[in-house]
Structures are given as structure tokens and as C-alpha cells.
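Chemist: Submitted below is the structure of interest, expressed as C-alpha cells.
The values are calculated or read from the model by the stated rules, or taken from the named source; none is laboratory data. Bear in mind that the values here come from a model prediction, so they are computed numbers and not experimental data. Counting neighbours? That spans all protein chains shown, and the Cβs are built from the backbone with ideal geometry, glycine included.
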Amino acid sequence: MTGNCRHTGALVGLLGSWEDRDLDVICEAFADDAVYHNVPVAPITGIAGIRAIFRAFLDAFAEAKLDIVTLAAEPGLVLVERSDYFTMNDGRKIVRFSDYFDLADFERQSGFKL
């Protein structure tokens with residue numbers, strides 16, 4: 001369990017560091033050969049690419065807050081469900097909002113067909 005606490009603590013710190021907007025702190029949690037996969041966008045492999053996309057995020061948003069909804073861990077795996085809040089630098093409004101879910105599961109449970 002100690003390993004899980006260490007890893008979940010690192011993840012909580014990483015997500016919290018977005019509010020401080022410190023790219024070095026955000027990236028220090030990633031290994032040089034890490035893979036960042038922001039589904040459904042193609043995965044980014046390596047810290048240089050990860051740093052570049054995170055820099056682009058920080059440049060686009062005046063504020064970023066990542067709230068943890070659910071956090072679960074087992075040896076070698078940490079899973080986090082979160083709500084992200086971003087404020088655009090230029091005051092623009094959202095022009096497209098996308099999310100993903102299991103359509104068959106939703107339709108089966110809700111009885112509502114999309």
C-alpha cells in the first residue's frame with residue numbers, strides 16, 4: 001500500500017501543479033520516455049513532446065484547475081477521474097465541446113437511444 005500512496009501522492013501533486021502554471025514542476029513527474037495519451041488524440045512519446053504540448057496548453061489558458069473526482073490505485077497503476085476547468089487567455093467562449101462514453105452501455109442503462 002505504501003507504493004500506492006507514493007504514486008497517488010505524486011499524481012495529486014502533478015494535477016495540483018497546473019494551477020501554479022510551472023512547466024518544470026508539471027513535467028518532472030514524467031520519465032524521459034513517458035507516453036502521454038489524451039484520448040482520442042494520438043499518443044505523444046517522450047518528455048520533449050509532452051513538454052511541448054503542455055507548454056501549448058499553458059500558453060492557451062489563463063487558468064487551469066484539475067479537480068480529482070475519483071482516485072484508485074493498485075501496484076503499477078493509478079486511475080483518476082477528474083473535472084478540468086480552463087479559462088482562455090483571450091476571453092473566447094467554447095465553440096466545441098466533445099466527450100466520450102460507452103454508447104451501448106448508456107443506451108442499455110438509460111433506455112434512451114441516441
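Chemist: Of the numbered conditions (1) at pLDDT 90 or above; (2) surrounded by 12 or more Cβ atoms within 10 Å (Cβ to Cβ), residue 12 fails exactly one; give the number of that condition.
Modeler: (1)
Chemist: Can you work out which of the residues in the range 35-79 that are among the aliphatic types (A, V, I, L, M) and within 15 Å of residue 10 (Cα to Cα) is surrounded by the fewest Cβ atoms within 10 Å (Cβ to Cβ)?
Modeler: 77
Chemist: Residue 29 passes all but one of (1) touching a residue at least 40 places away in the same chain (Cβ under 8 Å); (2) under 18 Å from residue 8 (Cα atoms); (3) small (Gly, Ala, Ser); which number fails?
Modeler: Status for residue 29: all satisfied but (1).
Chemist: Next question, about the same structure. Please find, among 68, 53, the residue that is among the β-branched types (Val, Ile, Thr), without any contact (Cβ under 8 Å) to a residue 60 or more places away in the chain and assigned to a strand (DSSP E or B).
Modeler: Going through 68, 53 in turn, the sole match is 68.
Chemist: Listed residues 59, 22; which is among the acidic types (Asp, Glu) and without any contact (Cβ under 8 Å) to a residue 24 or more places away in the chain?
Modeler: So the residue among 59, 22 that is among the acidic types (Asp, Glu) and without any contact (Cβ under 8 Å) to a residue 24 or more places away in the chain is 22.
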